[in-house]
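Right, one structure below, let's go through it.
The values are calculated or read from the model by the stated rules, or taken from the named source; none is laboratory data. Keep in mind that what you see is a predicted model, and the values were worked out from it rather than measured. All Cβ positions, glycine included, derive from the backbone under ideal geometry; neighbour counts span all protein chains shown. When the accessible area is computed, the model is the full protein with side chains, heavy atoms only, and any ligands, DNA or RNA have been set aside. Shrake-Rupley method; radii C 1.70, N 1.55, O 1.52, S 1.80 Å.
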Amino acid sequence: MVLEQTLAVLLIAVALWTIISLYTKRNIIRFGKKYSHYTFYPIFGHYFQLRNKSMFDICINEGIKKGFPYGCWLGHNFYYATDDGEEIQTILTHPNSWQKSEFYNTFRIGAWNSILLLPEKLWKPRRKFLAKNFSQPILNSYVQIFYRNSETLIEKLKDVQNKNLFETFVCYAYDSFCETMTNKNYNIQTEEGSEVVKWIDHCQEILGDNIVRVGSGFFFAVLFVLTKTPKVFQLFKSILLYRNFTQQLIVDREQELKKNIDENKTLLDSIIKADKKLYFNRTIINDELVTFTFAAADTSGNTLAFLSTLLGMHPNIQNKLYEEILEEIGPDRPIEASNLHSLKYTERVILETLRLIPVIPTVGRYIADDIICGTKTIPKGVNTVLNIFGLHRNKKYWTDPLKFDPDRFLPEEIAKRPSYCYFPFSIGPRNCIGKTYALMNLKVAVANIVRNYEIVSNYKSVEEIDFRIFMTIKTKHNLDCRFKPRK
Ligand code: HEM
């Protein structure tokens with residue numbers, strides 16, 4: 001009797017929730033009809049049609065196959081995906097879209113309270129405070145750290161051959177970033193530390209493969225926990241191990257600061273010493289460090305793996321790059337901050353890599369109030385998926401988009417196209433805080449790799465590369481990319 005009554009109450013509650021939710025979302029349902037290709041079921045949305053699809057399928061492949069813009073319902077959350085530059089620019093710079101799309105909530109499992117996810121009011125002071133640590137003189141002082149770690153990378157590349165390419169480069173990026181944070185080298189490239197990279201990759205793979213199950217709302221997330229318990233266990237284990245690693249960085253640095261109270265050199269120092277209104281406990285400091293280490297290292301490391309492969313596929317571009325590096329720096333001189341500005345071709349190669357394979361392929365914003373985009377009004381409550389990957393390959397803006405051509409970034413070529421067709425670091429208030437840091441780090445690594453190795457790859461086209469994504473982009477297979485010592 002009690003069971004029957006409980007079930008009846010539950011059913012009534014679900015029915016009521018469904019009716020209220022559908023009523024409050026009636027504008028979105030009307031809007032969504034124009035863009036979705038599947039039948040919408042109350043409670044489930046497009047769960048049945050999409051549940052086995054990965055994040056890459058949903059955010060990118062669906063749009064490529066069926067055309068952008070398109071929409072889908074994950075439970076009662078509607079997602080609108082676009083690859084139109086003007087729309088993307090309007091949304092990213094609009095005051096009604098400060099908040100991140102619902103799918104970012106999956107990131108909360110690892111870092112609840114970081115700059116990436118904070119609501120506008122809390123985000124503003126934190127961003128202002130953190131941005132001070134990215135001034136040009138501070139970044140210049142990091143170049144010797146990048147260079148020292150790139151020397152270790154050169155050694156590691158001797159025996160990387162095809163396998164673990166992402167791991168090798170991401171480890172380099174972790175070593176660099178952790179040292180700029182703590183003034184200490186964690187030897188992630190050479191010691192057991194590379195486990196850190198495996199844990200974070202594991203989390204991305206599980207979440208990327210199960211995004212529909214995890215991102216369709218509370219009921220489906222519970223269903224995911226119940227039906228995929230071993231995966232959930234692995235996910236939480238990896239997150240915990242990763243958080244322990246970043247926690248150790250904080251403890252180590254705090255001890256250093258106790259020995260020398262005047263020291264205040266790094267971003268982590270300023271977070272540790274910050275006004276307690278910004279970072280009021282150790283958990284929040286760790287949330288920030290989890291976000292920063294991941295945002296800095298996974299992005300830069302994956303970009304280096306793709307850039308090397310693209311150079312291997314294009315020997316002419318590689319030779320031109322090699323000539324610039326020999327001319328501007330020489331075959332074995334240490335790379336210094338003053339060298340970086342003159343590496344113009346190197347910069348074009350990096351920018352073109354980030355066009356063809358943007359390491360953060362989509363960003364998302366929640367529409368807090370109606371936004372007018374040209375002739376269309378995107379209603380309040382829509383989650384947008386702003387498809388940087390699609391934008392960077394959109395034929396409306398790029399001729400022969402799959403061709404790797406760094407000269408697209410010559411100043412005269414940039415002037416010919418609209419400013420809104422290239423956003424690898426996003427734009428607007430919540431753009432990448434580490435853009436200059438990333439470009440400097442990448443330049444040092446690329447210059448050192450190319451003057452030491454000739455890179456070879458057998459791919460004929462980027463279409464041979466099969467991608468997978470969660471927050472960042474990787475591949476489903478090892479990349480075909482080999483490094484032959486130049487001397
Ligand atoms: C190739 C390298 C990189 C690329 C392509 C990249 C790209 C991006 C993009 C597209 C966003 C916007 C994300 C969103 O809207 O949800 C972002 C945000 C962010 N990036 Fe980067 N990033 C790179 C490297 C870095 C580095 C080196 C750092 C740190 C030193 C960093 C720290 C961050 C942080 C903290 C945010 C969140 C900013 C905020 O919400 O205020 N990134 N990045």
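Sequence-distant or interchain residues sharing an amide H contact under 5 Å with Tyr453, placed H: which?
Residues meeting the amide H criterion: Arg486.
Hey, what did region 407-487 get for relative contact order, percent, Cα under 8 Å, at least 6 apart? Intermediate results must be reported in sequence, preceding the final value.
Values: 45 pairs, mean separation 19.8, N = 81.
Over region 407-487, the number comes to 24 percent.
Got a sec? Which residues in region 25-59 would a label at Thr227 touch, if it sits 7 Å along Cα→Cβ and we count backbone N under 15 Å?
Counting backbone N atoms under 15 Å from the label point, the list is 44-54.
Relative to the present Cα-Cα distance, how much length would full extension add between Lys435 and Lys416 at 0.36 nm per residue of separation? All intermediate terms of the calculation are to be shown ahead of the outcome.
On the way: separation 19, 0.36 × 19 = 6.84 nm, distance 2.35 nm.
That works out to 4.5 nm of additional length.
Under 10 °C and 1.306 mPa s, how fast does the chain diffuse according to Stokes-Einstein, given a Kirkwood radius computed over C-alpha pairs? Answer in µm²/s, whole number.
The Stokes-Einstein estimate is 67 µm²/s.
Relative contact order for the chain: what is it in percent, counting Cα pairs under 8 Å that are at least 6 residues apart? Let's see the in-between values first.
Numbers: 701 pairs, mean separation 119.3, N = 487.
Relative contact order, the chain: 24 percent.
Could you derive backbone 3J(HN,Hα) for region 93-101 from the dihedral phi with the Karplus parameters 6.51, -1.76 and 1.60 (θ = phi - 60°), listing whole Hz in sequence and x where the residue is Gly or Pro?
Taking θ as phi minus 60°, the curve returns 10, 7, x, 8, 9, 6, 7, 7, 4 Hz for region 93-101.
For labels at Glu195 and Lys320 in the simple 7 Å Cα→Cβ model, what's the distance in nm?
Going by the 7 Å Cα→Cβ label model, 4.6 nm.
Compute the distance in nm between two label points, each set 7 Å from the Cα along the Cα-to-Cβ direction, one at Ile109 and one at Glu336.
About 4.8 nm, to one decimal.
Could you run the Karplus curve 6.51 cos²θ - 1.76 cosθ + 1.60 with θ = phi - 60° over region 422-428 and give me ³J(HN,Hα) per residue in whole Hz, x for Gly and Pro?
8, 9, x, 9, 6, 9, x
Using only DSSP helix segments of four residues or longer, with each worth -39500 (n - 2.57), what per-residue ellipticity at 222 nm results for the chain after dividing by its residue count and rounding to 500? Write out the running numbers ahead of the final one.
On the way: 20 runs with 260 residues, N = 487.
The helix-only estimate for the chain comes to -17000 deg cm²/dmol at 222 nm.
How big is D, in µm² s⁻¹, for region 260-387 by Stokes-Einstein at 37 °C and 0.692 mPa s if Rh is the Kirkwood radius over C-alpha pairs?
Working: Rh = 19.2 Å.
Here the translational diffusion coefficient equals 171 µm²/s.
So what J values fall out for region 303-312 if you push phi through Karplus, 6.51 cos²θ - 1.76 cosθ + 1.60 with θ = phi - 60°, rounded to Hz, Gly and Pro as x?
Working through the residues one at a time gives 4, 5, 5, 5, 4, 4, 4, 5, 5, x Hz.
Using a 1.4 Å probe on the protein heavy atoms only, what accessible surface does Thr283 show? Give it in Å² to the nearest 10.
We get 80 Å² for Thr283.
For region 299-370, what number results from the quotient of the Cα radius of gyration and 2.2 N^0.38 Å? If you can, show how the numbers build up before the last one.
Values: Rg = 16.2 Å, N = 72, 2.2 N^0.38 = 11.2 Å.
So the Cα radius of gyration is 1.45 times the expected 2.2 N^0.38 Å.
Shape call for region 57-113 from the C-alpha gyration tensor, a ≥ b ≥ c root eigenvalues: rounded (a/c under 1.5), prolate (a/b greater than b/c) or oblate? If you can, show how the numbers build up before the last one.
Numbers: a/c = 2.12, a/b = 1.23, b/c = 1.73.
Oblate, since a/c reaches 1.5 and b/c is not below a/b.
Around Gly364, which amide H atoms from residues at least 5 apart in sequence, or from another chain, sit under 5 Å from its own amide H, with H modelled in the peptide plane?
Ser101, Leu386
Let me have the relative contact order for region 29-121, percent, based on Cα pairs under 8 Å that are six or more residues apart. Intermediate results must be reported in sequence, preceding the final value.
On the way: 77 pairs, mean separation 21.5, N = 93.
Answer for region 29-121 is 23 percent.
Using 0.36 nm per residue of separation minus the Cα-Cα distance, give me the extension gain between Thr93 and Ser21 in nm, one decimal. Let's see the in-between values first.
Details: separation 72, 0.36 × 72 = 25.92 nm, distance 2.87 nm.
Contour length minus Cα-Cα distance gives 23.1 nm.
May I ask you to order 424-432, 468-476 by the average number of other C-beta atoms within 10 Å around their residues, highest value first?
Going by the mean number of other Cβ atoms within 10 Å, highest first, we get 468-476, 424-432.
When Lys and Arg each count +1 and Asp and Glu each count -1, what net charge do the other residues less than 14 Å away from Gly75, Cβ to Cβ, add up to? All intermediate terms of the calculation are to be shown ahead of the outcome.
Values: positive: Lys25, Arg51, Arg213; negative: Glu102.
Counting the neighbours of Gly75, the net charge comes to +2.
In nm, to one decimal, how far is the Leu241 label point from the Asn458 one, both placed 7 Å along Cα→Cβ?
3.2
Between the DSSP loop rule and a limit of at most 14 other Cβ atoms within 10 Å, which trypsin sites (Lys or Arg not before Pro) in region 370-407 are left?
Numbers: sites: Lys376, Lys380, Arg393, Lys395, Lys396, Lys403; in loops: Lys380, Arg393, Lys395, Lys396, Lys403.
Taking region 370-407 and a limit of 14 other Cβ atoms within 10 Å, the loop trypsin sites (Lys or Arg not before Pro) found are Lys395, Lys396, Lys403.
What share of Cα pairs, in percent, lie more than 18 angstrom apart in region 1-57? Please list the in-between numbers first.
Details: 825 of 1596 pairs.
Within region 1-57, distances greater than 18 Å cover 52 percent of Cα pairs.
Could you please state how large a percent of the accessible area of region 14-165 is carbon and sulfur, counting protein chains only and using a 1.4 Å probe?
Working: 4160 of 7440 Å².
Carbon with sulfur: 56 percent of the solvent-accessible area.
Give me the Kirkwood hydrodynamic radius of region 147-252 in Å, from all C-alpha pairs, to one decimal place? Each step should come with its number before you reach the end.
Details: mean 1/r = 0.0646 Å⁻¹.
Kirkwood hydrodynamic radius for region 147-252: 15.5 Å.
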